[in-house]
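Notes to accompany the following structure.
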Amino acid sequence: MKSHAKVVVIGGGVVGASVLYHLTKAGWKDVMLIEREELTAGSTWHAAGGMHTVNGDPNVAKLQQYTINLYKEIEQISGQSCGVHITGGIMLAGTRERLDWLKMAKARGRYLGMELELLSVSEAKKLFPLMEEKYFVGAMYDPIEGHVDPYGVTHAYAKSATIGGAEVVRHTRVVDLKSRSDGSWDVITDHGNVQAEHVVNAGGLWAREVGRMVGLELPILAMEHQYLITEQIPALKGQKEQLHCIDFEGEIYLREERGAMLMGTYERAGVPWSPVQTPWDFGQNLLPNDLERIAPSLEVGFEHFPTLGEAGIKKVVNGPFTFAPDGNPLIGPVKGLRNFWVACGVMAGFSQGGGVGLALSQWMVEGDPGADVWAMDVSRYGEWATLAYTNAKVRENYSRRFRIRFPNEELTAARPLRTTPIYERLQAQNAVFGDYCGLEQPLWFAPAAAQATEEVTFKRSNAHPHVAAECNAVRNAVGLLEISNYGKFEVTGPGSVEWLSGVMANRVPEAGRMGLTPMLNERGKLIGDFTLCRPTADKVFLIGTYAAEDYYRRWFERRMPASGVSLRPCAMEYVGLSIAGPKARMLLQSLVREDLSNASFPFLSFRRMDVGMVPAHVGRVSFTGDLGYEIWVTTDYQRALFDLLVAAGREHGLKSFGGRALNAMRIEKSFGSWAREYRPIYGPYEAGLGRFVDLKKGDFVGRAAALEEKESGGQLRLVAFAVDAADADAIGDEPIWHDGRVVGWVTSGAYGHSVQRSLALGYIPAALASATSGFEIEIIGERRKAERQAAAAFDPSGARMRA
Ligand SMILES: Cc1cc2nc3c(=O)[nH]c(=O)nc-3n(C[C@H](O)[C@H](O)[C@H](O)COP(=O)(O)OP(=O)(O)OC[C@H]3O[C@@H](n4cnc5c(N)ncnc54)[C@H](O)[C@@H]3O)c2cc1C
């Protein structure tokens, strides 16, 4: 084993081997992988090896497509077979809702270039004769599904990497990691030490323990997972290999295994494995079977696929593998740790391992993952994702693996965890809460006597008329919204304005003002949208997306000067309330001494002022597009502020509103939102944020690329549509058609109660930006006429905000 390497990858499962290969492919040859035992000696060796392209997040789906196409490449380089069987796959729907889900998945597949096909039950039966038709209402066929040999794939990656210059060290355990002042690491093993510039934690079942070596508690947990293999099935003899099959309502998956069938399940009563500490002496072991636990799924399986019930069980496999709370991988650099990277929590290593390796290696070598990996970014979990939180969420996620997650569905595990001081007051107003980063936030308010629950659906729910009433209050009187769920940073120090000016695309506002700004990466793509609030010359608050707080921190850390600037995250120190609507000024004026007239406190003013007895920062801005104020206070004052506004608001018709109404109103105004309209695959001009990019102020990160985008016009354009929808609105990820061709995708949709139309925002090619007709949006399998909106549906001139 050599004593120095540019990179040490810890872990020789499918993920570590893929990272190693991709690093060599990206040009880093001095790289090494250290494995405790043999390659695959974690969760990899006993995997069922299934792979598929469909994923709820289109960006993850793209990386899955990449992975599947990669196997040919590594087979060719290494000469090692990956045992690829592309059988095609069939997904069976047992309910109308699932059929709707399949229609939506098919629609999403259209702009990803996937050839998914909806089938009737009898067509499905022809392709998959083992099924009992009476349990199903429809199906979808995916030609690119199949399975691989886990051993073959891992060795093909590792061999391709060694051919590319990498070293693979087996039977060596990393026992500790020590950082050096130059940012490099001492990798301490039971067979000597290596000094590495970078370390990658691809420890799989032990990734949590490797994280603890550097003081990190990664939100991952292993679950026991069982599949069985039947005895040989005579009916399969001489037949073409059976398709992969997912029976969603049965919660089982099936595939052929040499004349027999393999059947696995994600049972509802799933059991975590080693919830606190993974034993180091666990190797190529299996766990004891527990057929009783999966008996309900087996019963359904034998009913839905009777031939299997007749075949007898030859073998049962029970093995652990890891999940993050949302079931997506955790990849990327970790804030607060230099040159430390993670690639773990990969629950579908044979669909995702290649994409994870590609993204991480590009991130390390080029400084950017090269794709939109927000859904997999380790920074999406903050300190709130503790061991116990992770345990509750992973168990929930596992048990729901094959269940539909409706767009308006709020999951219940690990709740309530975080609440703001006015939580009980909002409960008393019959709020229906959602969970955002573990924080309870009001989505809408049910009428006084009604139960505060929302029926889950792809269509308009029971919330619809109540959200309409909330929008109506904002547009005609005044509404009150809790806005605590924003990320906040306080920036101080003599160098703060200069530093911010170099990091953000817009100029820093003058003291007493606030301003909107995109944040760009070097490629000129959007990696954040902030409101900069400057109460005094020497202090700026950055307000942005809370879920991205660690993502921003990681970015800021890399760009912090040695002195002169201090940046402090303070999200939960300041909680907030917003009032919006034509009577908002009258209401607030009755509580403050300052003159709130348009002349004295115009749009985008930001000042420290007392509201009643409450010391607050007040900004004149509103995401609803109406006259509005955001009032920020320290946590101890929030109740008093709430009571004050509610009491004073009575005579102005004040009504609480929630996130659903806010979403509808911001879409009426064509205002974008992070992770929907604003993501690292879009440039600021494409996203309609060009007016917030100040190319004249001097240099800033991404300026050259932004200038180029401005000159070329970019590839895409964010546009708004009014949709002829019936009882279901667009929600996001639906295809946009133009003249019979899929040309783009929806990023957000909602019913615009103020304009009484179904609305959608989405991206289309810039070349189509001037087209006004011929558009359609596919909602639950139906192409609906979509009228391109030249301007925002509500108050296009912005007069109401500025009034
Ligand atoms: C029963 C079962 C069925 C499955 N079926 C499928 C399927 O059909 N399709 C699919 O895509 N996925 C499936 N999976 C999941 C799949 O196995 C995982 O996604 C994959 O194995 C994750 O790989 P990994 O490299 O992250 O982790 P691991 O395979 O756990 O690899 C981590 C490696 O790191 C090594 N290591 C850890 N710590 C250290 C250290 N300190 N020093 C040195 N080495 C260390 C370990 O020895 C291990 O080899 C299944 C899993 C199970 C259990």
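The values are calculated or read from the model by the stated rules, or taken from the named source; none is laboratory data. Model, not experiment: these values are computed from the prediction. So basically every Cβ, Gly included, is an ideal-geometry build from the backbone, and we count neighbours across all protein chains shown. Ligands, DNA and RNA are stripped out before the accessible areas are found, and what is left, the full protein with its side chains, is counted by its heavy atoms. Shrake-Rupley method; radii C 1.70, N 1.55, O 1.52, S 1.80 Å.
Where strands (runs of 3 or more DSSP E) sit wholly within segment 263-366, those with at least 1 residues that are more than 16 Å from the ligand (Cβ to nearest atom) occupy 330-333.
GLU557 fulfils the conditions (1) within 32 Å of the chain's Cα centre (by Cα); (2) without any contact (Cβ under 8 Å) to a residue 40 or more places away in the chain; (3) open to solvent by 30 Å² or more (accessible area, probe 1.4 Å) except for a single criterion, (2). All of LYS2, LYS62, LYS6, LYS29 fail the test of being of a type outside the set (S, T, N, Q), closer than 30 Å to ALA675 by Cα and in contact (Cβ under 8 Å) with a residue 40 or more places away in the chain, apart from LYS62.
Determine, yes or no, whether ALA47 is hydrophobic (A, V, I, L, M, F, W, C), assigned to a loop (DSSP other than H, G, I, E, B), open to solvent by 10 Å² or more (accessible area, probe 1.4 Å) and within 13 Å of the ligand (Cβ to nearest atom). Taking the combined requirement at face value, the residue satisfies it.
Scanning segment 379-390 for residues that are in a helix (DSSP H, G or I) and either over 13 Å from ALA222 (Cα atoms) or over 19 Å from the mean Cα position of the chain (by Cα) (or both) returns SER379, ARG380, LEU387, ALA388, TYR389.
Residues checked against (1) outside any helix (DSSP H, G or I); (2) more than 6 Å from the ligand (Cβ to nearest atom); (3) open to solvent by 30 Å² or more (accessible area, probe 1.4 Å); (4) modelled with pLDDT of 95 or more:
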site: ALA5; (1), (2), (3), (4): yes, yes, no, yes
site: THR24; (1), (2), (3), (4): no, yes, no, yes
site: GLU37; (1), (2), (3), (4): yes, no, yes, yes
site: SER43; (1), (2), (3), (4): yes, no, yes, yes
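So which of VAL60, VAL54 is among the β-branched types (Val, Ile, Thr), more than 6 Å from the ligand (Cβ to nearest atom), within 19 Å of SER351 (Cβ to Cβ) and not in a loop (DSSP other than H, G, I, E, B)? Unique residue meeting the criteria: VAL60. Of all residues in segment 444-460, those that are of a type in the set (S, T, N, Q) have Cβ atoms under 8 Å from Cβ atoms of residues that are surrounded by 11 or more Cβ atoms within 10 Å (Cβ to Cβ) and in a strand (DSSP E or B), 6 or more apart or on another chain, in THR453/VAL432. Checking LYS134, LYS178 one by one, the residue that is in a strand (DSSP E or B) and of a type in the set (Lys, Arg) is LYS178 and no other.
Report whether or not LEU70 is more than 11 Å from the ligand (Cβ to nearest atom), out of contact with any Asp or Glu (no Cβ under 7 Å at 6 or more places or on another chain) and not polar (S, T, N, Q). For LEU70, the condition - more than 11 Å from the ligand (Cβ to nearest atom), out of contact with any Asp or Glu (no Cβ under 7 Å at 6 or more places or on another chain) and not polar (S, T, N, Q) - is met. Residues of segment 96-117 that are within 18 Å of ILE404 (Cα to Cα) and not basic (Lys, Arg): GLU97, LEU99, ASP100, TRP101, LEU102, MET104, ALA105, ALA107, GLY109.
Of all residues in segment 627-664, those satisfying the criterion of being under 21 Å from ASN430 (Cα atoms) and aliphatic (A, V, I, L, M) are ALA640, LEU641, LEU644, LEU645, VAL646, ALA647, ALA648, LEU654, ALA661, LEU662, ALA664. ALA664 falls short of the stated requirement of being more than 22 Å from TRP555 (Cβ to Cβ), hydrophobic (A, V, I, L, M, F, W, C), open to solvent by 20 Å² or more (accessible area, probe 1.4 Å) and not in a strand (DSSP E or B). The condition of being open to solvent by less than 40 Å² (accessible area, probe 1.4 Å), in a loop (DSSP other than H, G, I, E, B), out of contact with any strand residue (DSSP E or B) (no Cβ under 8 Å at 6 or more places or on another chain) and modelled with pLDDT of 95 or more holds for only one of GLU396, GLU409, that being GLU409.
You will find that of VAL742, VAL746, the residue that is of a type in the set (Val, Ile, Thr) and open to solvent by less than 40 Å² (accessible area, probe 1.4 Å) is VAL746 and no other.
Considering segment 768-781, and only residues there that are farther than 11 Å from VAL723 by Cβ and under 29 Å from the mean Cα position of the chain (by Cα), the residue that is surrounded by the fewest Cβ atoms within 10 Å (Cβ to Cβ) turns out to be GLY781. Looking across segment 262-276, the residues that are of a type in the set (Val, Ile, Thr) and surrounded by 16 or more Cβ atoms within 10 Å (Cβ to Cβ) come down to THR265, VAL271. Number of residues in segment 130-151 that are free of Cβ contacts under 8 Å to residues at least 60 places away in the same chain and open to solvent by 60 Å² or more (accessible area, probe 1.4 Å) equals 2.
One line per residue, one yes/no per condition, for (1) within 14 Å of the ligand (Cβ to nearest atom); (2) part of a helix (DSSP H, G or I); (3) surrounded by 17 or more Cβ atoms within 10 Å (Cβ to Cβ):
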{"site": "VAL153", "(1), (2), (3)": "yes, yes, yes"}
{"site": "TYR157", "(1), (2), (3)": "yes, yes, yes"}
{"site": "GLY165", "(1), (2), (3)": "no, no, no"}
{"site": "ALA196", "(1), (2), (3)": "yes, no, yes"}
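In segment 354-383, which residue that is open to solvent by less than 40 Å² (accessible area, probe 1.4 Å) and free of Cβ contacts under 8 Å to residues at least 60 places away in the same chain is nearest to GLY203 (Cα to Cα)? The qualifying residue nearest to GLY203 (Cα to Cα) is TRP363. Scanning segment 63-87 for residues that are assigned to a loop (DSSP other than H, G, I, E, B) and either modelled with pLDDT under 95 or touching a helix residue (DSSP H, G or I) at 6+ places or on another chain (Cβ under 8 Å) (or both) gives GLY79, GLN80, SER81, CYS82, GLY83, VAL84. Just one residue in the set LEU500, LEU520 is closer than 17 Å to ALA687 by Cα, crowded, with 18+ Cβ neighbours inside 10 Å and among the aliphatic types (A, V, I, L, M); that residue is LEU520.
Filtering segment 613-637 to residues that are open to solvent by 40 Å² or more (accessible area, probe 1.4 Å) and in contact with a Leu (Cβ under 9 Å, 6 or more places away or on another chain) leaves MET613, PHE623. In segment 686-705, how many are on the phi < 0 side of the Ramachandran plot, of a type outside the set (A, V, I, L, M, F, W, C) and surrounded by fewer than 21 Cβ atoms within 10 Å (Cβ to Cβ)? Result for segment 686-705: 7. On the given criteria, is GLY683 crowded, with 18+ Cβ neighbours inside 10 Å, in contact with a Gly (Cβ under 7 Å, 6 or more places away or on another chain) and either more than 25 Å from VAL474 (Cα to Cα) or not hydroxyl-bearing (Ser, Thr, Tyr) (or both)? It is true that GLY683 is crowded, with 18+ Cβ neighbours inside 10 Å, in contact with a Gly (Cβ under 7 Å, 6 or more places away or on another chain) and either more than 25 Å from VAL474 (Cα to Cα) or not hydroxyl-bearing (Ser, Thr, Tyr) (or both). Pairing each residue of segment 609-625 that is at positive phi with any residue that is of a type in the set (Asp, Glu), provided the two are 6+ apart or on different chains, yields C-beta distances under 8 Å for GLY625/GLU668; GLY625/ASP795.
Can VAL210 be described as in contact with a Cys (Cβ under 9 Å, 6 or more places away or on another chain) and within 10 Å of the ligand (Cβ to nearest atom)? So VAL210 passes the test.
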